[in-house]
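See structure below.
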Amino acid sequence: MTQPLKAYESNPIWTVDPKHTPYRDAMKVMLPNGYAGEMGYASAATMADFIMVNMVAEAASGSKSPKEAAERAQARAERYYKV
């Protein structure tokens, strides 16, 4: 979770444990889905299909090599972007 209002940045919850601090600033550094291209059906669909999440999970769990996971993610994304 991250706080939505700038005034909440000073809340001690973000600094009491150093592991919390990166989440405090997440809204500042986030980019919208499809930021490098047009937002629309394709960017929303790839997010809803958990393409990135699944790619990382497949590589981290060892069920696929990082290269295989990336290739699978690319093929899944191309279904929406019609490359």
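The values are calculated or read from the model by the stated rules, or taken from the named source; none is laboratory data. Note that the structure is a prediction, hence the values are computed from the model and not measured. FYI the Cβ positions are ideal-geometry reconstructions off the backbone, even for glycines, and counts take in every protein chain you see.
Looking only at the range 8-39, count every residue that is in a helix (DSSP H, G or I) and not charged (D, E, K, R) and tell me the total. So the answer is 11.
Listed by first and then second residue, the pairs linking a residue in the range 15-40 that is among the aromatic types (F, W, Y) to a residue that is part of a loop (DSSP other than H, G, I, E, B), with Cβ atoms under 9 Å apart and 6 or more places separating them unless they lie on different chains, are Y23/M1; Y23/T2; Y23/Q3. Filtering the range 44-66 for residues that are at pLDDT below 95, under 19 Å from P4 (Cα atoms) and among the polar types (S, T, N, Q) leaves an empty set. Condition test on V29, is it β-branched (V, I, T) and modelled with pLDDT of 95 or more? For V29, the condition - β-branched (V, I, T) and modelled with pLDDT of 95 or more - is not met. If you filter the range 24-56 down to residues that are hydroxyl-bearing (S, T, Y) and surrounded by fewer than 13 Cβ atoms within 10 Å (Cβ to Cβ), you find that the one that is farthest from the chain's Cα centre (by Cα) is Y41. Screening A42 against (1) aliphatic (A, V, I, L, M); (2) assigned by TED's automatic domain parsing to the domain that holds L5; (3) part of a helix (DSSP H, G or I) leaves a single unmet condition, (2).
With the structure loaded, tell me whether A59 is out of contact with any Leu (no Cβ under 6 Å at 6 or more places or on another chain), surrounded by 15 or more Cβ atoms within 10 Å (Cβ to Cβ) and not acidic (D, E) or whether it fails that test. Yes; evaluated as a whole, the condition is true for this residue.
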